Structure formats: structure tokens, C-alpha cells
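What follows is a set of notes on a single structure, which appears directly below.
The values are calculated or read from the model by the stated rules, or taken from the named source; none is laboratory data. Quantities reported herein were computed from a predicted structural model and do not represent experimental measurements. Please note: Cβ atoms are built from the backbone with ideal geometry, for glycine as well, and neighbour counts cover all protein chains shown. Accessible surface is based on the protein model in full, side chains and every heavy atom, while ligands, DNA and RNA are left aside. Shrake-Rupley method; radii C 1.70, N 1.55, O 1.52, S 1.80 Å.
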Amino acid sequence: MLNALYEHLSSTAPVAVIIIAISLMLMLGFLMTRVTKILKLPNVTAYIVTGILIGPYCMNLIPEQVIGGTAFLPDIALAFIAFSTGEFFKLETVRKNGWKTVIITLFESLLASLLIFAASFWVLRLPLPFSLVLATLAAATAPASTMMTIRQTGAKGPFVDTLLQVVALDNIVGLVTFSIALSIAVAVNLGQGISINNVIDPIFKNTIAIIIGGLFGYAMTGILTNRNTDNRLIVSIAMLFAFCGICAAFDISPLLGCMAMGTVYINTSDDTRLFRQLGYFSPPILLLFFVRSGISFNLNALMSTGSFGSHPLMVVGLVYFVIRIIGKYTGAFMGSSIIGKDKNIRNYLGLALIPQAGVAIGLAALGARTLGGDMGGALETIILASSVLYELIGPACGKLSLYLSHSYSDKLEEITTVSETDANGAPLSAAEVLIQRVQSIQKELPEHEINENEQAFTEAAEELFNNNYNLFRHQRRNNRR
């Protein structure tokens, strides 16, 4: 019925087809989150599953023209994800861990990639170009899932600081190695052979992207100063889109440049409010991106061997899923041991690095677009299938790592430390100890910044209250007479 409507509107009102399809993607993606919420699953899983269900291999509710016309979504989604990651590269935090975080990142990201390459190229006998690109995607971790878990639990401390920096850095490692691997893969597929230019060219382009992204971030600091809330949002999104357009023109991923933009902005302005504003704006864009990724998911390919391998893609996906977890955990353990990190970080950091969704899916979409054909489709299919599995267990593992590392607790006595005796050494009552704990927590809470809208609302409420109060007093005086 819906397809018949699409066919009718395609000739009479083609714009209506696009609007209806996007509306369906948004509404059905939201409704699926009501189901996954009951099952304690993250929203990303709901969006991908929605895309699969309404895609061409199930209900086929979205026309091909809409899927093709939204090819820009991976770039835009990566821009928002990367910019928000830049918030956690404050100089004072980076100086605290410095090279130690870099060592942990190199171990956990590169070991995962090396193990995936060995398994796919030497064990599963997949082609070299495909094995290289697939291996580099193993380095990336999902910053969105990690941040969601940290915010939900209110976790903090050395473990959380290390985790946030490692997640941001391993996405940098993942993008650089992915760019190099993709360049080599394209050269091999074209029969050109591997040369030093396949390594130098991606590094040069990404370096230029970082420099330009940093300049954009510095410009944002000056432009957004003393702007009201609406204008700040408009200007920041315009600059993110403009940077994405520049990157697309030169066939560069916007990930590193947008991360540099966010890093420069937070260090030059110390303004965390913009990141919150973009966080409120980005959910519909990310929803459309993940739903579209699910629509592109090829169920038939998952059960087939493809034209370049002897194993079904489901087997390749399961191998990727298991080996990456082993590589992440082992690499984080080894890196933390070498630099002498606390046992809580050494033993549990690897658990928190399991989630993989946004960055990997975005890069897989870019890789599929570049490689094309069966190889590109297989790459996106494997990453999407494994991302669903990672999002099923990743947030739970992340929350477990935060709990085991004592980064958060639901017990008040573990959150705060207060004296249970008074100045004279006499024991305090349970109520007095509780009051001290509450006061201790209040001191740690950041001061609330009242924006223009809140201030106006407060003043209007106070004025209304005063008017009503004066009217009430006047009526009481009249009644007494």
C-alpha cells in the first residue's frame, strides 16, 4: 500500500515521497526505542534494527531514491560525534596522563587490528585489501555509548579520565590507519601496487584537515562570544557543515578535523554549554544515520560467501566480533601494565572499550562508498552486524567496568567520606552523618548557569507572584472592612 502511494507521488509530488520516508524513519526509530528500553538495550540497537525491518530485505518501506539521496549522513553524523569527543581533550587533563594514555591506546587499538588482520587474511583467507580495511576498523570505539554509560552512572575519577582519553585517541588511531589501509586497498584493486605514496598521501590530507579544523575551532571561539543561544547553535552547525563540505570536496573523512575543532574550541573558550546544545540537536541526525545504515544492511549477503571469500559473512562477522574483544582487553591490560597503571585501570579498562557503533559504522559507510561492489557491501554488512552485537553487550560491560573500578556506586557511604564523630570525638547520630554526606555532595556540584530564557521566566514568575500576593492582601483588607 505504501509503495503504491510512493509510485503515485513520484510523478506528482516527488518531494512528498522524501518527507514521508524521513518521517517514517524518525517515528519508527523512536517507537523501536520503546521496545529496546524495556529490554535494557541502547538506542543505537533500536535504530539499526528499525532500518533492517523497514529496508529492502523486509518491509521495503523506504524508496531507493531516499537512501541514495541521504549519502551525506555518515559525514554529518561523524562530524557531530567527533566534535563532541574534542570536549575531553582539555590540556590540563591531557597533561595529567600524557604519554601514558598514548601507550595504552597504541597497545589496545593496534593489537586488536593486528589480530583481526591475522584472522581474516591468514585464517579465513580473505583478500589483502579487504583484510587491511576490516582490521583498521577494529581500532575504533563508540564514544557515544561510553559517554552515555558514564552520564547515567555519574562515574568519575582516574579510571573515567583515562577511559575518555583512550576512547578519543583510539578513534584517531583508527581513522589514520583506516585512511592508509583504504588508500592501499584502492591501489591494489586498481592493479597499481603498493607504494610509499599510499601511506604519505592519507597522512598529509588528514594533517591538513586537523590544521583547518583547529582554525575553524579558533574562529568559533571569537564568533560565538556573547551570542545568544539560538545564534550560537546556528553558527556552530553552519561551521560544522561547512567543514564537512570542504572535507567531502577533497575526499577526506571529517572525523579528525572536527575532533580538532572541538578540542581547540574547548581549550580557547572553556565553554561546555555549546557541547550540551549540540547534544540536544544531534539525536534526530544520528537516528537517521543509524536507521539508514540498517536499511543498507544486506541480509542476503550475511548468509552468502560473497565473490571473494570461501566463508559466509556471518562467520567473518562472528570472528571479527570475538577477536576484537580479545585484542581490546589484552592490549589495554598490557599497555596499563607496562606504564604501571593502578590495578583497577589495568584489569577493567578493556571491558569499557568493547562498544563499537557510530565511528566504525560511519567509516564503514565511507569505505563501502570508496571500494564499491561486493567488497564494499561486505565491509558494511560485517560492521553493522557486529555493531548490533557490540551494542547488546557493550554498555553492560562498560557499566560493569565502572563499578568494578570503583568509579561510581549506588551506596552513599562509598560516594562521600565524612567524619562520623564531632569535634570532641563523640559519635554523631545517623541523621547528622546523613546531613554531612548531603552537604559534601552539594559542594561538589557545579554551579548552575542561568541562561537568558531561564532568567526571563524567573523574573516573570516573580512578578506574577508579587501581583497575585498584593491582590490577595488587598482583598483580605476589604473583607475585614
(message) Consider segment 328-349. How many of its residues are small (G, A, S) and within 19 Å of T136 (Cβ to Cβ)?
(response) 3
(message) One residue is enough: does segment 144-152 have a residue meeting the conditions of a type in the set (A, V, I, L, M) and open to solvent by less than 10 Å² (accessible area, probe 1.4 Å)?
(response) no
(request) Kindly list, by first and then second residue, each pair from a residue in segment 13-26 that is touching a residue at least 60 places away in the same chain (Cβ under 8 Å) to a residue that is open to solvent by 40 Å² or more (accessible area, probe 1.4 Å), limited to pairs with Cβ atoms under 8 Å and residues at least 6 apart or on different chains. (result) L26/P284
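Let's see how each residue does on (1) open to solvent by less than 40 Å² (accessible area, probe 1.4 Å); (2) closer than 20 Å to S386 by Cα:
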site	(1), (2)
F281	no, no
T330	no, yes
S336	yes, no
G340	no, no
K343	no, no
L363	yes, yes
(request) Please note which helices (runs of 4 or more DSSP H) are completely contained in segment 157-265 and include at least 3 residues that are touching a residue at least 60 places away in the same chain (Cβ under 8 Å), among the aliphatic types (A, V, I, L, M) and within 30 Å of S131 (Cα to Cα). (result) 158-189
(request) Counting only residues that are within 30 Å of R292 (Cβ to Cβ), more than 29 Å from the chain's Cα centre (by Cα) and modelled with pLDDT of 75 or more, give me the helices (runs of 4 or more DSSP H) lying completely in segment 349-454 with at least 1 of them. (result) none
(message) Could you tell me how many of the residues in segment 245-263 are open to solvent by 40 Å² or more (accessible area, probe 1.4 Å) and among the hydrophobic types (A, V, I, L, M, F, W, C)?
(response) 4
(message) Condition (residue is within 28 Å of Y47 (Cβ to Cβ), open to solvent by less than 40 Å² (accessible area, probe 1.4 Å) and modelled with pLDDT of 90 or more) applied to segment 296-313: is it met by at least one residue?
(response) no
(message) So, in segment 317-348, how many residues would count as being in a helix (DSSP H, G or I) and more than 16 Å from A112 (Cβ to Cβ)?
(response) 8
(message) I need a count of the residues in segment 271-302 that are in a helix (DSSP H, G or I) and closer than 28 Å to G69 by Cα.
(response) 22
(request) Check T221 against each of (1) open to solvent by 50 Å² or more (accessible area, probe 1.4 Å); (2) at pLDDT 90 or above; (3) closer than 30 Å to T149 by Cα; (4) not small (G, A, S) and name the one condition it does not meet. (result) (1)
(request) State the number of residues belonging to segment 100-134 that are in contact (Cβ under 8 Å) with a residue 12 or more places away in the chain, farther than 24 Å from P202 by Cα and open to solvent by 70 Å² or more (accessible area, probe 1.4 Å). (result) 3
(request) For segment 122-132, indicate whether the set of residues that are under 20 Å from the mean Cα position of the chain (by Cα) and of a type outside the set (G, A, S) is non-empty. (result) no
